1. Output the number of residues of region 190-218 satisfying the condition of being under 15 Å from G231 (Cβ atoms) and among the acidic types (D, E).
2. Within region 365-393, can you find the residues that are out of contact with any strand residue (DSSP E or B) (no Cβ under 8 Å at 6 or more places or on another chain) and among the aromatic types (F, W, Y)?
3. Can you tell me which residue among L192, L218, L130, L184 is of a type outside the set (F, W, Y), assigned by TED's automatic domain parsing to the domain that holds Y359, farther than 25 Å from L95 by Cα and in contact with a strand residue (DSSP E or B) (Cβ under 9 Å, 6 or more places away or on another chain)?
4. Quick one: in region 223-247, which of the residues that are of a type in the set (A, V, I, L, M, F, W, C) and within 13 Å of F386 (Cβ to Cβ) is nearest to the chain's Cα centre (by Cα)?
5. Inside region 40-63, can you point out the residues that are farther than 16 Å from I21 by Cα, surrounded by fewer than 21 Cβ atoms within 10 Å (Cβ to Cβ) and either under 21 Å from the mean Cα position of the chain (by Cα) or of a type in the set (F, W, Y) (or both)?
6. Take the conditions surrounded by 21 or more Cβ atoms within 10 Å (Cβ to Cβ), modelled with pLDDT of 95 or more and not assigned by TED's automatic domain parsing to the domain that holds D313 and apply them to G201. Does it pass?
7. Can you name the residue in region 204-222 that is of a type in the set (A, V, I, L, M) and part of a loop (DSSP other than H, G, I, E, B) and, of all such residues, is farthest from the chain's Cα centre (by Cα)?
8. Of the residues W326, W337, which is more than 22 Å from the chain's Cα centre (by Cα) and either at pLDDT 95 or above or farther than 16 Å from D385 by Cα (or both)?
Amino acid sequence: MSEQIGVLIIGVKGAVSTTLIGAGIASQVGLSGGFDLPSEQDAAFAELNLPSLAEFRFGGWDVASASLLDSLLHHGVIPEEVISAVAPALDQVWLAPGVTLSPAPIHDELDAQLKTPQSVDSLRRLVEVLRGDIQRFRIEAKVEQVVVLDLSSTAPSIKQTVHHETLDRFNTLLDLPVEEALKLNAVHEGMLYAYAAISEGCPCINFTPSMTFDIPALIELAVQERVPLCGKDGKTGQTLYKTALAPLLRQRALKVSGWYSTNILGNRDGEVLDHPEHRKTKIDSKRAVLADILGYDDFDHQVHIHYYKPRGDAKEAWDNIDFEGWFGVPMQMKINWLGSDSILAAPLAADLVRWMCYYHRRGEAGLISALASYFKSPLGAPTHDFFEQVNILRSEIDKHRG
C-alpha cells in the first residue's frame, strides 16, 4: 500500500466536491493555482507533516447520472482551462451509485445510479453494500488510509430518539423490515454512510448540517472502532464572520439589539434549501452561534435563505446589525459578502481530511472537538467564538507536541 490518502466523498459530483477534486488533480499534475490551506498559515502546525493535497486519491458516491466532467462543467466554478488540464485524470476517480431512502426515485433516468431500500430486506443490507464499496475503493485506489467526507445535500431535519441512544438500539433499527424502519423517521442516508465508514475504520467528516454520526449510538461505535469524527456544517461565509464579529462587539461592551441575515444562492445546495424541511436544518445551524458568544439572547435574530437560480455558485450574504452604546444610543453595521460557495468550502474540506489523518495516526477516537473553528455547529466544542476555537486547536497541538 502507498502513503497516499483515499478520500471517499458522499455527493462526489456536487459543486464543492468537484472543486476539491479539480484542485487535487491540478496540484498532482503541477498546475500552479495557489491551493493554500488554512492549517498551512499557522507556523505551529508546520512540523506535523499533514498530508498534502497532491497525495489525495479521490472516489465517492452520488445519485446523479452525469459524468464527473459534465458535473464540473455544469457547476462552473473551476476555470475552463483548468478543467481541460485535469479532464484526462477524471477517469481515475472511483465512482459508485449513491444511496437514497426516498420512497420514489428522484428522476427516472437516475434509477440505475441509486442504491435503494426497495431491493433489500433491511437497512443493514445497504450498510453492507456501502462497506463493500469502501473495501473495493481501498484496493483499487491502492490506499490504506481512507477518509469519508460528507458533502451531500442537506437532509430534512429529524429529531434524536431512543433509537439513537445506544448502538444496540440503532442496530435493532437497522435490522427492522425496511418499511417499518422508515416509518419511524429516525434514519437517513448519512447515518448509513457513517455506520459503514466507521465499521471500516475510516475517519469521518460531516461538512453538512444533517444529523449523521452525531448521535450517541454512532459515537459509541466510533470509540469502539478507534475512529475519529468531526463536524458539522462547514463554516465558510456568513457564520464565519458572525463568529468573528460577535466577540468584537462583546469585548467593546456594545449591546446587540438585532441581527438580520439573509442569503441568496443558486447552486444545487441552494435548490435543496429552497424546500422548507431542508432549509430548517440549515437555519437552525446558522442561528445557534450568536447567543453563545454574546452571553444573552434577548435580541431579534433572523436568518433567511433564498434560492436564486441566476446566482449559481456565487453566494451573497447581507447582514444588518443593530447595536447600542452608552445612553442606549443606536448604531448599525451593514455587511455585504459575495463569494464563491465552493471556493470557500473546498479548502476547508481538504484541510479536514489532513487533520483526520493526523488524529487517526495518534489513535484518537470519537468526536474531535478541537476542529471546531471549521464548523457552524461544532460537535463537542465549548464555544462558538472563532478566535477561541483556533486557540483551542493550537493549545491541543502544543500539548501533543510536549
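The values are calculated or read from the model by the stated rules, or taken from the named source; none is laboratory data. Computed from a predicted model, the values in this text were never measured in an experiment. Glycine gets a Cβ as well: all are built from the backbone with ideal geometry, and neighbour counts include every protein chain shown.
1. The number of residues fulfilling the criteria is 1.
2. Passing the criteria: F386, F387.
3. Numbers: L192 fails: farther than 25 Å from L95 by Cα; L130 fails: farther than 25 Å from L95 by Cα; L184 fails: in contact with a strand residue (DSSP E or B) (Cβ under 9 Å, 6 or more places away or on another chain).
Result of the check over L192, L218, L130, L184: L218.
4. If we filter region 223-247 for residues that are of a type in the set (A, V, I, L, M, F, W, C), which is where we start, we get 223, 227, 229-230, 240, 244-246.
With the extra rule that they be within 13 Å of F386 (Cβ to Cβ), the set shrinks to 240, 244-246.
Working: L240: 15, A244: 20, L245: 23, A246: 23 Å.
Only one residue tops the list, namely L240.
5. Initially, region 40-63 is screened for residues farther than 16 Å from I21 by Cα, giving 40-50, 63.
After this cut, where a residue has to be surrounded by fewer than 21 Cβ atoms within 10 Å (Cβ to Cβ) as well, the list is 40-50.
Selection gives E40, F45, L50.
6. Numbers: surrounded by 21 or more Cβ atoms within 10 Å (Cβ to Cβ): no; modelled with pLDDT of 95 or more: yes; not assigned by TED's automatic domain parsing to the domain that holds D313: yes.
Here the answer is no, as G201 does not meet what is asked.
7. Applying the first criterion (of a type in the set (A, V, I, L, M)) to region 204-222 yields 205, 211, 215, 217-219, 221-222.
Okay, now just the ones that are also part of a loop (DSSP other than H, G, I, E, B), so 211, 215.
Numbers: M211: 11, I215: 16 Å.
Among residues in region 204-222 that are of a type in the set (A, V, I, L, M) and part of a loop (DSSP other than H, G, I, E, B), the one farthest from the chain's Cα centre (by Cα) is I215.
8. Details: W337 fails: more than 22 Å from the chain's Cα centre (by Cα).
Sole residue among the options that is more than 22 Å from the chain's Cα centre (by Cα) and either at pLDDT 95 or above or farther than 16 Å from D385 by Cα (or both): W326.
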